[in-house]
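Data first, discussion second: the structure below is written as structure tokens.
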Amino acid sequence: MSSLNGRTALVTGGSRGIGAAVALRLAQEGADVAITYVRNEEAAREVVQKIESTGRRGLALRMDAAGAVERTAEEFGGLDILVNNAGIGVLGPIGDLSVEDVDRTLDVNVREVFLGSRAAAGVLRDGGRIISTGSGLTQYAGGPGGTLYAMSKSALTGLTKSLARELGGRGITVNLIHPGPIDTDLNPADGPYAEPQRAGTALGRFGTRDEVASLVAYLVSEDAGYVTGAEIGVDGGHAA
Ligand code: NDP
């Protein structure tokens with residue numbers, strides 16, 4: 001299937017985990033794909049090689065989201081898809097979370113998403129797509145420790161619904177996905193917090209990166225042209 005032939009995409013935080021799977025899936029569907037990263041240059045380079053092995057153009061950018069939007073549009077001659085995937089998870093009892101934790105979390109999970117989306121609103125072609133990555137913890141906490149992380153991800157609901165209204169006239173859709181426990185470096189399926197998360201899902205298991213990438217592939221496709229301003233879980237029933 002090559003439903004994204006001729007399209008261009010930027011996936012923030014695409015060097016590892018969910019973002020890497022999304023980047024590769026979009027390339028397999030026919031898009032040229034840029035990714036951002038912060039530390040892991042080697043991993044970013046490997047993802048670009050995989051993108052290029054599909055015959056599409058790949059690009060790794062170590063820069064803020066807004067700068068990456070501009071740069072991707074320049075390099076690829078336009079932008080059709082922004083996936084706001086980059087995020088950090090700082091968990092713990094509220095009294096243990098420092099001001100630095102708060103600033104860092106809001107910077108990556110909220111401020112960067114807003115500024116990247118603002119830049120994308122300026123350059124996206126008609127019919128474009130913005131998808132942001134929230135969290136199942138905004139729908140159902142299930143336990144303590146998620147105050148800061150859940151608060152930061154909840155902010156994306158307001159952004160998504162309002163921006164869907166602003167950009168709908170151009171045929172641009174804006175949606176928010178809420179992954180449940182997905183096996184990545186951030187949340188390993190064999191980590192110390194894995195068992196209660198697994199037990200908290202209806203399916204009794206962690207999800208895979210590819211299962212999240214499948215939802216993104218649907219939302220960026222023509223088939224999802226009437227889906228906008230929506231929040232969609234990919235959480236094994238964690239919120240059920
Ligand atoms: P990982 O920690 O496995 O990967 C994070 C990726 O984001 C890496 O590519 C990392 O780059 C990059 N990154 C981190 N900070 C920045 C930044 N400031 N700018 C650009 N890139 C950055 O995370 P996941 O794949 O697990 O998570 C992806 C998204 O999904 C996040 O928003 C997370 O909150 C969300 N999510 C994850 C869940 C899970 O269970 N895994 C559940 C619910 C939501 P580098 O390689 O350079 O470090």
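Taking amide H positions as placed in the peptide plane 1.01 Å from N, state which residues far from residue 30 in sequence (5 or more) or on other chains have amide H under 5 Å from it.
When sequence neighbours closer than 5 places are left aside, the close amide H contacts are 4.
Each residue of region 24-31 in turn: what ³J(HN,Hα) in whole Hz from Karplus with 6.51, -1.76, 1.60 and θ = phi - 60°, glycine and Pro shown as x?
Once θ is set to phi - 60°, the couplings for region 24-31 become 5, 4, 5, 5, 4, 7, x, 8 Hz.
Take the eigenvalues of the Cα gyration tensor for the chain, scale each by 5, and report the square roots as semi-axes in whole Å, largest first.
On the way: eigenvalues 145, 71, 66 Å².
Semi-axis lengths for the chain are 27, 19, 18 Å.
Using θ = phi - 60° and the Karplus form 6.51 cos²θ - 1.76 cosθ + 1.60, what ³J(HN,Hα) does each residue of region 166-180 get, whole Hz, x for Gly and Pro?
5, 9, x, x, 9, x, 8, 9, 9, 9, 10, 9, 10, x, x
Sort 206, 114 by Cβ crowding within 10 Å, fewest neighbours at the top. All intermediate terms of the calculation are to be shown ahead of the outcome.
Working: 206 21, 114 17.
So the ranking, lowest neighbour count to highest, is 114, 206.
A short reminder: the numbers here are calculations on the coordinates, not readings from a lab. In this text, all values refer to a predicted model and were calculated from it rather than measured experimentally. With ideal geometry, Cβ positions are generated from the backbone for all residues, glycine too; neighbour counts draw on all protein chains shown.
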